[in-house]
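**Student:** The structure is given below, and queries will be raised subsequently.
The values are calculated or read from the model by the stated rules, or taken from the named source; none is laboratory data. Keep in mind it's a predicted model, so treat the numbers as computed, not measured. Glycine also receives a Cβ, built like all others from the backbone with ideal geometry; neighbour counts cover every protein chain displayed. In case anyone asks, the SASA skips ligands and DNA or RNA and just uses the protein heavy atoms, side chains included. Shrake-Rupley method; radii C 1.70, N 1.55, O 1.52, S 1.80 Å.
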Amino acid sequence: MEERTLQNQKNANTFKKLFAFRETSVIFLIIGITVILSIISPYFLTSANLSTTALGLSADGIIAIGMTMVLVIGGIDLSVGSVMGLSMVTAGALYIFFGVNIWLAALIALGVALLCGLFNGYFIGKIGLSPLIATLGMMSIARGAAYVLTEGSPLSLSGVSEEFRVLGSGDLAGIPVFVIIFVVIAVIADFLFRKSAPLRNVYYTGSNEKAALLSGINTAKIKMIVYIVCALLAGVAGVLSLSRFNVAAPNAGVGTEMRVISACVIGGASLTGREGTVFGSILGVILLNIINNGLVLMSVSVYWQDLISGAILILAVTIDQLSHRKKGN
């Protein structure tokens, strides 16, 4: 009898520990919403719809990886959507106006994204500027530059090499190459985030910057690297999106930062720093995109979609704040 009681207590504790992880809760939410949507719409679980959904979330997923690192150090990056758009426009403008090889143009675009991240990292890590102000400024600079380069009109690419187009619109064994690239980046990033000793310094910096400094960690350097990586991944998403659509639109990436931040918070990242995993953030991206896809299949107005996305963000942040208050943080 006592053994059975102990076993029941052990099972209960295991169950509580299981649900203590935000990732587990999000997984169950994804499963539940998937079941509901598959009942409501016969088109939801079709291979075409699932492929389209996966392709649509890949750009946000790549950016979410970098945003996770930023949130863990207690920062925020509002410029990722604009940097994504600027990368698309830079590569497109170089190819169309100057005849630069598309691959070289893409590399230069990634260099521009890197410089944007360096700007953010320098002013936040070295100068001590607020992440909100620094990245808000970069958001305006990058978006403004994109409009200047295009004069406000989308740039349509033609004659692009098939090898480049495969990155965004090709498939391998029925799986979009864009999705494969995203999954590879996510798996590598999640592994390094969990196992790499240098990347653990990101958590130490976000947990207690003063203690990290006293232990010999160059927190300013860590911040610079994190913002550079975040911007670079936004650039990668921009180049891949250019390959997918063959159009460099100056308004590309608008609203991306809010979707990505929402996904990261839903997946367990905290706006106060210290917490967050790449896996959790990716789950958050998947959840949000499944919800949006379901709303589209149910012919819900795009305005309602924005309203619901905003409500989800507020709910996620509220849950995050309440959980930290309960812990006494």
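**Student:** Please state the relative contact order of the chain as a whole percent: Cα pairs under 8 Å, 6+ residues apart?
**Tutor:** Rounded, it is 32 percent for the chain.
**Student:** Moving on to the next point. So who's got an amide H within less than 5 Å of the one on Leu78, skipping anything under 5 residues away but keeping other chains? H placed 1.01 Å off N, in plane.
**Tutor:** Counting only residues 5 or more places away or on other chains, the set is Thr135, Leu136.
**Student:** Cα convex hull of region 273-329: mean projected area in nm², to one decimal? Don't skip to the end; give the middle numbers.
**Tutor:** On the way: hull surface 18.0 nm².
Across all orientations, region 273-329 yields a mean hull projection of 4.5 nm².
**Student:** Follow-up question, since we're still on this one. How long, wide and thick is region 89-168, going by the Cα atoms along their three principal axes, in whole angstroms, largest first?
**Tutor:** In descending order, the Cα extents are 46, 25, 21 Å.
**Student:** Provide the convex hull volume over Cα atoms per residue for region 148-258, in Å³.
**Tutor:** Details: hull volume 16.5 nm³, N = 111.
Value for region 148-258: 148 Å³ per residue.
**Student:** Continuing with the same structure: Averaging over every viewing direction, what projected area does the convex hull of the Cα atoms of region 171-236 cover, in nm²?
**Tutor:** Values: hull surface 20.6 nm².
Directional mean of the projected Cα hull area for region 171-236 stands at 5.2 nm².
**Student:** Would you count, across the chain, every pair of lysines whose alpha carbons are under 21 angstrom apart, provided the pair is eight or more residues apart or spans two chains?
**Tutor:** For the chain, the number of qualifying lysine pairs is 11.
**Student:** Could you give me the radius of gyration and the Dmax of region 215-311, taking only the C-alpha atoms into account and expressing both in angstrom?
**Tutor:** Cα-based Rg and Dmax for region 215-311 come out at 16.2, 55 Å.
**Student:** Follow-up question, since we're still on this one. Gain in length, Ile40 to Leu297, computed as 0.36 nm per residue apart minus the alpha-carbon separation, to one decimal in nm?
**Tutor:** Contour length minus Cα-Cα distance gives 91.6 nm.
**Student:** Identify which of Ser38, Ser270, Ser215 has the largest mean-square fluctuation in a Gaussian network model of the chain, with springs joining Cα atoms closer than 10 Å.
**Tutor:** For the chain, modelled as a Gaussian network with Cα springs under 10 Å, the answer is Ser215.
**Student:** Then there is this: Two-decimal Rg/Rh of region 53-99 from alpha-carbon positions, Kirkwood Rh?
**Tutor:** Working: Rg = 13.8 Å, Rh = 12.3 Å.
Dividing the radius of gyration by the Kirkwood radius yields 1.12.
**Student:** Could you tell me how many degrees, from 0 to 90 and to the nearest 10, lie between the Cα long axis of helix 47-72 and the main elongation axis, the longest principal axis, of the Cα atoms of the chain?
**Tutor:** Approximately 80 degrees, to the nearest 10.
**Student:** If you don't mind, another one. Give, in nm to one decimal, the length gained when the segment between Val317 and Asn49 is fully stretched (0.36 nm per residue of separation minus the Cα-Cα distance).
**Tutor:** Numbers: separation 268, 0.36 × 268 = 96.48 nm, distance 2.99 nm.
Answer, rounded to one decimal: 93.5 nm.
**Student:** Looking only at Cα atoms, what is the convex hull volume of region 47-136 per residue, in Å³? Write down the numbers at each step before the final one.
**Tutor:** On the way: hull volume 10.5 nm³, N = 90.
So the per-residue hull volume is 117 Å³.
**Student:** For helix 256-266, what angle does its Cα long axis make with the longest principal axis of the chain, in degrees from 0 to 90 and rounded to 10?
**Tutor:** So the inclination is approximately 10 degrees.
**Student:** Ok, one more. Simple spin-label model, 7 Å along Cα-to-Cβ: Arg194 to Trp304 in nm?
**Tutor:** 3.9 nm
**Student:** Can you tell me the dipole magnitude for the chain around its Cα centre, using point charges on the Cβ only (Lys, Arg +1; Asp, Glu -1), in Debye to the nearest 20?
**Tutor:** Working: 20 positive and 15 negative charges, 212 e Å.
The dipole of the chain has a size of about 1020 debye.
**Student:** Take the chain, compute every pairwise Cα distance, and split them into 10 Å bins from 0; I just need the percent in each bin.
**Tutor:** For the chain, the pair-distance distribution reads 6, 24, 32, 24, 10, 3, 1, 0, 0.
**Student:** Once the whole set of protein chains is in place, how much accessible area is left on Asp190, using a 1.4 Å probe, in Å² to the nearest 10?
**Tutor:** 30 Å²
**Student:** Spelling out what I want: for every residue of region 107-113, take phi, set θ = phi - 60°, compute 6.51 cos²θ - 1.76 cosθ + 1.60 (Karplus), and round to whole Hz; glycine and proline get x.
**Tutor:** 5, 5, 4, 5, x, 5, 4
**Student:** Please list, in chain and number order, the residues 5+ apart from Leu155 or on another chain whose amide H is under 5 Å from its amide H, with Hs placed from the backbone.
**Tutor:** Here the answer is Ala248, Ala249, since their amide H atoms fall under 5 Å of that of Leu155.
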